[in-house]
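The structure appears below as structure tokens.
The values are calculated or read from the model by the stated rules, or taken from the named source; none is laboratory data. Given the structure is predicted, the values throughout are model-derived calculations rather than measurements. Reconstructed Cβ throughout: ideal geometry from the backbone, glycine too, with neighbour counts over all protein chains shown. Protein only, heavy atoms only, side chains kept; ligands, DNA and RNA dropped before computing areas. Shrake-Rupley method; radii C 1.70, N 1.55, O 1.52, S 1.80 Å.
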Amino acid sequence: MYIKRLEIKGFGKLKNHDIELCGGLNVIYGCNESGKSTLQGFIKAVLYGLKGGRVSKEGVLPPVKRYKPWNIDQFKGSIEYMLDSGEAYRIQRNFQNGEINVFDSKFNNINEKFEIDGKKNLLAAQKHLGISEQCFEKTAFIEQMKTSGGISRSSELESRLINAMETGYEDTSFQIAEKCLGDTLKDRIGTGKTSTKPLDLINSEIQSLLKKKEGLFKKNADMLKIMEGCKALKEERKIALEKMAAIKGIFKLLAKYGDFENMKQKLAELKKISDNVVNLNKEFNKNKFILEQAEASIDESAVFSNYSSSDVIRMQIDIEKMYGLDKEWGEIRKEISNAEKNKSELLKYFELKEGPCDAKFLNKKLAELMNELSVLENEGYGDKVKRAESYLQKAKRKKKIFGIYKIVMGLLTVLTLVSGFAGVRYGFFATVPMAAAFCYLSIMTGKMKKDILVNEGEHKHLNSKNMENDRRLNAVKAGINSIYSKTGVDSYEDFVRQTAKNEAVAQKLEYEEEKLKNLKMKETTCRQKINDIMKMYSKMLVECGIISCPNELPCIGKIKKFVERINAIEFNLTKTEHLKDKLTHLEQLRSGMYEKAGNILKKAITDADAVIDGVKDFEARLEKNDTSHNINKFNMSPSIKDKILSDIICEIKKDKKLETERLESRLSEYEAYISRYINDKNFEINKMETLIDNYNPGEEIQYVEERLAELNERASILSEKASSLNIAMEVLKASADYLKSNFAPILRKKLNENISRITSSRYLDLRADDNLDLRVKVPETKEIIGVMNLSGGTVEQMYLAMRIAMIQVIEMNNEKIPLFLDEIFAQYDDNRIKSTLKILSDMSKDRQILLFTCKQREVELACRYADSNVNLVNMDTIN
Amino acid sequence: MLDVFSRVIKLTKDHKAHLLLICGDLYEHSYVRKSTIAFIGKKFADIMNTKVVIIPGNHDPYVSNSYYANYEWPSNVYILRSGSNKIDFEDLNTCVYYFVPGIKIPPPKNTGRINILMLHGTLDIKMGRQYNPISMDELSHTGMDYIAAGHFHNYFVKEGQCSVYNPGSPEPLGFDEPGEHGVLKGYISKNKDETDMVFNKTALCEYIRFEVVLDRCLSNEEAADSINKAVYALDKHDGLVEITLAGTVEDGFSIDLEAVGNMIYKKVYHLKIKDKTRPCLNIGKLVKDGGLKGLFVENMLEKIKESKKEEELKILRRALDYGVQALENGEIKL
């Protein structure tokens, strides 16, 4: 391709320029700031568009702003170009509104023939040039001081190189595709290094479910193990139950043995009963005979039967009592005699004195008089009279005084009144107090008079009282003196002493009289009792023929006889009672024996013969029931291997006389142990069965399995897709490597050719590594070094060689790409300029080259070394 | 499954069978629930007049913690195992033997009896997974009057010097078990000519699998339409149907299986659709275009050509599709 014409309406400082270009070397010459670089930028802008965006960190404006024209409204331009095939095209671009139109040679708008990228850019240049803008910038389009920049590690460039063999342009990037596959694998499926992607999540869930499944299986296995254990326990329980049954069998056996022993005991008992019955009969008959005799004796002494031993006893007591009374009577008589003697002696005392009865009276009288005397003396009427007289005198005196004052006041009152009437000042006024005083005194005297009258009356009364009091006092005193003389005393104290003595004697006398009285009464009573007793028992003894006369006092002998007879009857009666009781008791015992025998024989027994017959029958039954042989037949099931039970059975079989109680006790103990054992087993079995019933891992296992199946299927599908992606990546890389290996030698060859020419064969071996970094073999040292270690100019030259080589590789089957070289010789020496120009000249034979320079010398050299005509564009002239 | 089991029991009861022979895999040892065992036990108890003889299989081994060993089966159930590998039914004049894995089958003790051998294993299979392998030749020398086999889930009867009857599973368990499933019912006699066993279908469901081939399909409706035509003729309301979509779809289009499933109007018990279609790539153009893409396609085609396995082929074809998508579009539709 080559650019024929540039039409700049407005672009940076350029406006309304039309520039014709040739297909070979075009040298665009101009001073600094003449617009050379702007022109270069215009070309790229029309081909690829202008980028917008923000100001860079360095303060550089984005291209769309940087190149906005200063002075005019138009910000647009167009390029006409021709492809190698001869097809001509025109791109018109308005940078202001972003509009782009591509026309063919017939001015058909052929926009629709080109693809549009994501940023809505029409990819016309990409298609026609066969390279992207990035590749263009890194190869054919060299800006000032940027020869070496941007090549290294350019994936875009590498991809383009890889695709160098493709016909036509296709924006096929190996790295993009590889990244796409890798990202798809990583993000949408998951690799071993990720953890949150779909396959990872599925695998994670699968692992978790597998663990869970393992747990459930274990749980299930545990449950099955428990079931197994449960079965074993049931077996043990079964054996224990068999043992229990064996124990019950042995108990039955022992019971049977016990029954037999029991029967033997019963037979012994029956025999004993039989003997007892015989003895009882003998005893019964004997006692019956004795009873009959006693009853006969009682009949004979019927008359005595009216009286009992209690009568006898009472009689004995009363007779004794009677004798006692008699004795008592004698003693009473003696006492009466003594008492009479004492009395007469005491009376003799009082004969010498005043009658005893007066003593008390006198004492009493004296006491009264003394009391009265005291009262009279305490009345104090004398003092009262004196007081009254004194008071009266005072009152009279007071009255007298008051009277005088009253008279005075009266006179004063009259005086003052008169004076008042007489006209004396304050005469009436003085009358008032005077009159008031007079009145007061009048009232007071009046009161006093009354009072004196009262008191005079009182005095009179008191006086008479006093006189009466005196009179009585004299009387009392006379009375007292009389009593003193009667008792021969002179004073009250003597009287009191004498009185006390008399009283004592009087008391004694009284006592003796009383005593005598009582004794006489006692004597009478005693006598009466004796008579009563005599009367009572005489009748009784006459009835019984002991005495003949009721008045006869029975003697001891007679009474004794009576008593003996009574006792004899009593004895016989008691004896008969006793014998009757005994016979009853014997009868009861006999009945009891019959009943016992009946219980043993299980039938009614009423006589001794029946008992004897019963014994015989029982003996016969016992003989039949001998179980000793049964014991030997008892055997335990061989499955029951139990030492204790075996020992017990051996013991049973060995012993003739079994200690059933001991054995039963031992067996009971063992039975209790087995029972506990069975209960324990039951408890364990129930526990296990409950556990088994509650264990339901089956359903969960099923769910887990289903889920696992589902997840495994999904995992399988994803794994398959992952495999596909991996294979695609592998094959893609292999293909890319293969292609890389294809272009690499070509690139190297071109590179070496170019650098060799540029450096006049100084450097012959310059290569680009996989990252497109340049390394060169230093001719002197043969050492391979990175080109950045060389001088700046040499680096520029080497990268120029690289760019040219890349263009040459890329365009091998594609459109020839024009070169745009802006001030590339800045660091070149003359020789290198020359050699480079020669190359460019050679290249310009079949491609368009635009060389931008500000140096006249370079222009001259270019013109000199170009084999064909050079198109010189003077920017100064254009401007 | 429980319903099918009930059916089998009912069949046994109606037939008034003397014997019910179960040649293993009655339950899955690791998964079975106790309630299921209880159900089975209860069903066996319903046919107390029938003697149920069971042998263990690879899924239900007779181990110490198995239900065979520890569950209290009804008294009409006899479980044969190693150490107790035969049972004699005097009243039926029959003796049933169990072929214990790894132990030679002894000859029948009483030739007057109807001697039945029950085995669970692979018959005449030389490769692949084998369980308790045995050959017809070996069986023909056992002197048994009837050989009942288990392990394979599909019904077959092998005739030869001796006849081996394998009823299969009474209910299919997956899409890999198509066809009818049931039990064998009939009469066994010492006289082989009088032995008459008839297959009785007991399965409630049937697994059906078929393929629908698409050609450059470019919509779900088109895919659904193709499926509907294919299933139209099906008269399997109780069927479990698996449809595999094969063939090609247009480049850039992938089938939405859920959407397609919703458009299937034929009612079946269960429908599963698998997508094994592949995109329709213009391989020739891709190769012709050359460059990285062309080379990639060429290399992938080479691999595809070399591949023999179906699964690998699927992966490679998909890899080709993914690579082309990545190169052309910079994105991939999985």
Is it the case that some residue within the range A:290-308 is assigned to a helix (DSSP H, G or I) and within 30 Å of A:A597 (Cα to Cα)?
yes
Among the residues of the range A:22-69 satisfying the criterion of being under 22 Å from A:L851 (Cα atoms) and charged (D, E, K, R), which is surrounded by the most Cβ atoms within 10 Å (Cβ to Cβ)?
A:K36
Pairs returned, first residue in the range A:593-608 that is without any contact (Cβ under 8 Å) to a residue 60 or more places away in the chain, second residue that is surrounded by 12 or more Cβ atoms within 10 Å (Cβ to Cβ) and not in a helix (DSSP H, G or I), beta-carbon separation under 8 angstrom, 6 or more apart or interchain, are A:E595/A:I605; A:G598/A:I605
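If I filter the range B:303-334 down to residues being of a type in the set (D, E, K, R) and in contact with a Lys or Arg (Cβ under 8 Å, 6 or more places away or on another chain), which single residue comes out as nearest to the other protein chains (Cβ to nearest Cβ)?
From the range B:303-334, those of a type in the set (D, E, K, R) are B:303, B:305-306, B:308-312, B:314, B:317-318, B:321, B:328, B:331, B:333; that's our starting set.
Pick out the ones that are also in contact with a Lys or Arg (Cβ under 8 Å, 6 or more places away or on another chain) and you get B:314, B:317-318, B:321, B:328.
Working: B:K314: 7, B:R317: 8, B:R318: 4, B:D321: 8, B:E328: 8 Å.
Result: B:R318.
Return the residues of the range A:329-362 that are open to solvent by less than 70 Å² (accessible area, probe 1.4 Å), modelled with pLDDT of 80 or more and not polar (S, T, N, Q); say none if nothing qualifies. Reasoning before the result, please.
Pass one, the range A:329-362, residues open to solvent by less than 70 Å² (accessible area, probe 1.4 Å): A:330, A:332, A:336-337, A:339, A:342-344, A:346, A:349-350, A:355-356, A:358-359, A:362.
When the remaining residues are screened for being modelled with pLDDT of 80 or more, the result is A:330, A:332, A:336-337, A:339, A:342-344, A:346.
Answer for the range A:329-362, where residues must be open to solvent by less than 70 Å² (accessible area, probe 1.4 Å), modelled with pLDDT of 80 or more and not polar (S, T, N, Q): A:G330, A:I332, A:I336, A:A339, A:K343, A:L346.
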Since B:D215 meets every condition but one in (1) in contact with a strand residue (DSSP E or B) (Cβ under 7 Å, 6 or more places away or on another chain); (2) in the same structural domain as B:K276 (by TED's automatic domain parsing); (3) loosely packed, with under 14 Cβ neighbours inside 10 Å; (4) modelled with pLDDT under 85, which condition does it not meet?
(4)
Selection over the range A:669-711 where residues are loosely packed, with under 15 Cβ neighbours inside 10 Å, more than 23 Å from B:S35 (Cα to Cα) and away from chain B (no Cβ under 14 Å) yields a count of 7
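Residues to consider are B:K190, B:K201; find the one that is under 27 Å from the mean Cα position of the chain (by Cα) and open to solvent by 50 Å² or more (accessible area, probe 1.4 Å). Show your work before the answer.
Working: B:K190 fails: under 27 Å from the mean Cα position of the chain (by Cα).
So the residue among B:K190, B:K201 that is under 27 Å from the mean Cα position of the chain (by Cα) and open to solvent by 50 Å² or more (accessible area, probe 1.4 Å) is B:K201.
Looking at A:N262, A:N276, which is the one that is open to solvent by 40 Å² or more (accessible area, probe 1.4 Å) and without any contact (Cβ under 8 Å) to a residue 24 or more places away in the chain?
Details: A:N276 fails: without any contact (Cβ under 8 Å) to a residue 24 or more places away in the chain.
Criteria check complete, one pass: A:N262.
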If A:S301 satisfies all but one of (1) open to solvent by less than 40 Å² (accessible area, probe 1.4 Å); (2) at pLDDT 85 or above, what's the number of the condition it fails?
(2)
Matching residues in the range B:37-70 - criterion: being within 14 Å of chain A (Cβ to nearest Cβ), under 21 Å from the mean Cα position of the chain (by Cα) and not charged (D, E, K, R):
B:H59, B:P61
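Does B:L271 meet the test of being farther than 25 Å from A:A722 by Cβ, open to solvent by 50 Å² or more (accessible area, probe 1.4 Å) and in contact (Cβ under 8 Å) with a residue 12 or more places away in the chain?
Values: farther than 25 Å from A:A722 by Cβ: yes; open to solvent by 50 Å² or more (accessible area, probe 1.4 Å): yes; in contact (Cβ under 8 Å) with a residue 12 or more places away in the chain: yes.
Here the answer is yes, as B:L271 does meet what is asked.
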Counting only residues that are crowded, with 19+ Cβ neighbours inside 10 Å and without any contact (Cβ under 8 Å) to a residue 12 or more places away in the chain, how many does the range A:830-879 have?
0
Taking A:D311 as the residue in question, decide whether it is in a helix (DSSP H, G or I), of a type in the set (D, E, K, R) and open to solvent by less than 40 Å² (accessible area, probe 1.4 Å).
yes
Tell me, which residue of the range A:724-756 that is in contact (Cβ under 8 Å) with a residue 60 or more places away in the chain and of a type in the set (A, V, I, L, M) is nearest to A:A768 (Cα to Cα)?
A:L747
A:F825: assigned to a loop (DSSP other than H, G, I, E, B), in contact (Cβ under 8 Å) with a residue 24 or more places away in the chain, aromatic (F, W, Y) and crowded, with 18+ Cβ neighbours inside 10 Å, yes or no?
yes
I'd like to know if the range B:274-285 contains one or more residues that are under 22 Å from A:L185 (Cβ atoms), hydrophobic (A, V, I, L, M, F, W, C) and away from chain A (no Cβ under 11 Å).
yes
Within the range A:178-225, track down each residue that is open to solvent by less than 80 Å² (accessible area, probe 1.4 Å), outside any helix (DSSP H, G or I) and basic (K, R).
A:K197
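Among the residues in the range A:722-732, are any at pLDDT 90 or above and surrounded by fewer than 16 Cβ atoms within 10 Å (Cβ to Cβ)? I'd like the intermediate steps shown before the answer.
First, the residues of the range A:722-732 that are at pLDDT 90 or above: A:722-732.
Narrowing further to those that are surrounded by fewer than 16 Cβ atoms within 10 Å (Cβ to Cβ): A:730.
For the range A:722-732, residues at pLDDT 90 or above and surrounded by fewer than 16 Cβ atoms within 10 Å (Cβ to Cβ): present.
Evaluate the following for B:D124: is it charged (D, E, K, R) and at positive phi?
On the way: charged (D, E, K, R): yes; at positive phi: yes.
Judged against the criteria, B:D124 is a match.
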